[in-house]
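Trainee: This structure is in structure tokens; I'll ask about it shortly.
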Amino acid sequence: MKNFRSVVVLKRPPQELSAVMRDHLVEFAGSIADIQEIRQIERTTGGDGTVHIVNQWRVRQQIPTAIRSMLKIGELGWIDRNSWNDATGTCCWTIEPSFFGDYIACSGQTTFTEAMAGRGSRVTFAGELDLKPGLLGSLGSVEPLVSGFLETIVTTIIPRNLRAVVEAAAAFELPRVRG
């Protein structure tokens, strides 16, 4: 199991920033360099007000050719299932990768708290990546390549994508309501 954590501080109040990420992610996804597309597949609201969303992500991040051909991996993407709780300022999530889904489990929580005397947000993104038994053992000579690639996803790509998503959310202009 590999744990990861990233913290970003931005100048936008936490309730507003989390609402933008929850409600407008699809709209500003195109402004994020590594993101090709985010599609919202499902959205429901529970009786307690918790909003549950399922998104499909496709990213531009390139998989090394050697790994792609040996493992028959096409594009890089995932399904994220998230639950937003406004009362606690948290979003709990799981990620189901488009490759090796039976062997990889990734979950965590994003927390939005006040910073900059209430004018900003501290966004803490923490989670864990668990490689289930059988994945690396079944890969033979490419195990070091795949293990290194997965390590890169956890230590580089996930934190970089979080920072890019949160920064894009902080910069997103909410549509003006005509009245």
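The values are calculated or read from the model by the stated rules, or taken from the named source; none is laboratory data. Computed from a predicted structure; not experimentally measured. Positions of Cβ are backbone-derived with ideal geometry, glycine not excepted, and every protein chain shown enters the neighbour counts.
Trainee: I'm told Arg22 meets every condition in (1) modelled with pLDDT of 90 or more; (2) under 18 Å from Leu162 (Cβ atoms); (3) assigned to a strand (DSSP E or B) except one. Can you identify the failing condition by its number?
Mentor: (3)
Trainee: Sticking with this one: Within the set of pairs 6+ apart or on separate chains, which have a first residue in region 158-178 that is in contact (Cβ under 8 Å) with a residue 24 or more places away in the chain and polar (S, T, N, Q), a second that is surrounded by fewer than 17 Cβ atoms within 10 Å (Cβ to Cβ) and assigned to a loop (DSSP other than H, G, I, E, B), and C-beta atoms under 9 Å apart?
Mentor: Close Cβ pairs satisfying both conditions: Asn161/Asp34.
Table: residues versus (1) part of a strand (DSSP E or B); (2) modelled with pLDDT under 85; (3) charged (D, E, K, R); (4) over 30 Å from Pro13 (Cβ atoms).
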site: Gly108; (1), (2), (3), (4): yes, no, no, no
site: Pro133; (1), (2), (3), (4): no, yes, no, yes
site: Ser147; (1), (2), (3), (4): no, yes, no, yes
site: Glu151; (1), (2), (3), (4): no, yes, yes, yes
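Trainee: Here's a follow-up. List pairs: first residue in region 96-118 and more than 25 Å from Met1 (Cβ to Cβ), second residue in a strand (DSSP E or B) and hydrophobic (A, V, I, L, M, F, W, C) anywhere in the structure, Cβ distance under 7 angstrom, at least six positions apart or on different chains.
Mentor: Listed pairs, sorted by first residue: Phe112/Val123; Ala115/Val9.
Trainee: Here is a further query. Are any of the residues in region 26-42 modelled with pLDDT of 95 or more and of a type in the set (S, T, N, Q)?
Mentor: yes
Trainee: Something else now. Determine whether Thr110 is surrounded by 15 or more Cβ atoms within 10 Å (Cβ to Cβ) and within 15 Å of Val51 (Cα to Cα).
Mentor: Details: surrounded by 15 or more Cβ atoms within 10 Å (Cβ to Cβ): yes; within 15 Å of Val51 (Cα to Cα): yes.
Yes: the conditions hold for Thr110.
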